[in-house]
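To start, the structure under review is shown below, and the notes come after it.
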Amino acid sequence: MPFLIDGNNLIGAARGSSRPSAEDRAALIAEVADRLRRTRARAILFFDGDAERRAELGALAVRPSGAASADDAILEEIRRSRAPRECTVVTEDRALKGRARELGARAITPGDFWARLGKRPASASPRTEENVDVEEWLRYFEDEKNREK
């Protein structure tokens, strides 16, 4: 089962910002997708509101929460799961962790999540808007023929 990631919380833990920018969200999407490619893990990345488009990027799914909060969307995903014990919520939010555990899911910190996915390759430079065209990347993976089956 996938990691269920509280995207704004993960950005906040890394950057100390409670209001991530579009660039922060794009960088997180790219970083998580890059690390997932080297593992067998799958993840669903939830963001508050409608700032991000819904997307399927190989092992990573991006889900805007719409009118609900990302926390509520994560909890709904656990409720819909046939195996809630296999869901792992990634957040620093104590209330979300507690509610996820009440539904049978596991919860880990962002630090534990990054440790499980491994370090970025030493040759990789931090991704920025200048060297990554996220929109082009999203269009590529929206095409069925470019997705893993």
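The values are calculated or read from the model by the stated rules, or taken from the named source; none is laboratory data. Just so it is clear, the structure is predicted and the values come from calculations on it, not from any experiment. Neighbour counts run over all protein chains shown; Cβ positions are idealised from the backbone, glycine included.
Structure data summary
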quantity: Given (1) within 12 Å of the chain's Cα centre (by Cα); (2) within 21 Å of Arg40 (Cβ to Cβ), number of the condition Cys87 does not satisfy; calculated: (1)
quantity: Residue tally, condition in a helix (DSSP H, G or I), in contact (Cβ under 8 Å) with a residue 60 or more places away in the chain and under 20 Å from Ala13 (Cβ atoms), over the range 78-95; calculated: 0
quantity: The range 96-117, subset in a helix (DSSP H, G or I) and modelled with pLDDT under 95, residue nearest to Ala59 (Cα to Cα); calculated: Leu117
quantity: When residues of the range 74-91 are limited to those that are exposed (fewer than 15 other Cβ atoms within 10 Å of the Cβ) and among the acidic types (Asp, Glu), the one farthest from Asp112 (Cα to Cα); calculated: Glu76
quantity: Enumeration of residues in the range 1-16 that are in contact with an Asp or Glu (Cβ under 7 Å, 6 or more places away or on another chain), within 24 Å of Arg99 (Cα to Cα) and modelled with pLDDT under 75; calculated: Met1
quantity: Failed condition for Ala51, given (1) of a type in the set (A, V, I, L, M, F, W, C); (2) at pLDDT below 90; (3) surrounded by 15 or more Cβ atoms within 10 Å (Cβ to Cβ); calculated: (3)
